[in-house]
1. Please compute the net charge surrounding residue 73, taking Lys and Arg as +1 and Asp and Glu as -1 over other residues with Cβ under 13 Å from its Cβ.
2. What full-extension length gain, to one decimal in nm, is calculated for residue 120 and residue 62 as 0.36 nm per residue of separation minus the Cα-Cα distance?
3. So what's the range 23-77 giving for Rg/Rh, alpha carbon basis, Kirkwood Rh from the mean inverse pair distance?
4. Can you give the local net charge around residue 50? Use residues other than it whose beta-carbon is closer than 14 angstrom to its beta-carbon, Lys and Arg +1, Asp and Glu -1.
5. Name the residue, out of 18, 136, 75, whose mean-square fluctuation peaks in a Gaussian network model built on the chain with Cα pairs under 10 Å.
Amino acid sequence: MAHSGFSGSLTSPRFDLAVDMGHPFLNRTVDGFLKIGAVGACKVAAEETFECLHRGDVSKHKVERALKKMCKEGAYWGTIAGVYVGMEYGIERIRGHRDWKNAMLGGAVTGALVSAASNSHRQNVVKNAITGGAIATAAEFLNYLT
């Protein structure tokens, strides 16, 4: 009996952009903003493309609306990522250690800041701080697995 198979490896494309702002804190913050902002914009682009294909019509107004929404989402998620990366780096510098606790504290501070900036009630600020810390910690542990 003949046996066939596939041998090889699959890798994702890699694109690195180096922005030198003159300080590691600023470099990491801008890097986080750009990377996650691009992800947020791509998410909106995919959703809007699906909507246009699903409905079967495209207009100049819909394209303009989609571009505005892409910029808004990209800036929002990029800002949150920039704050998180900056907080994590700052906490790492203060503590003098690089471990999962920096991610947890950075996520908690970011969750609280974003919640407070959106004029949430006190219990929501605490809840979002806990959520931010939990998500950041989980992401850090998942990075150790890969």
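1. +3
2. Values: separation 58, 0.36 × 58 = 20.88 nm, distance 3.18 nm.
Additional length available on full extension: 17.7 nm.
3. On the way: Rg = 14.1 Å, Rh = 12.1 Å.
On the Cα set of the range 23-77, Rg over Rh gives 1.16.
4. That sum, taken over residues with Cβ under 14 Å, equals 0.
5. Greatest mean-square fluctuation among the candidates belongs to 18.
We did not get these values from a lab; they are worked out from the coordinates using the rules stated. In this text, all values refer to a predicted model and were calculated from it rather than measured experimentally. Cβ sites come from the backbone with ideal geometry, for glycine too, and all protein chains shown count toward neighbours.
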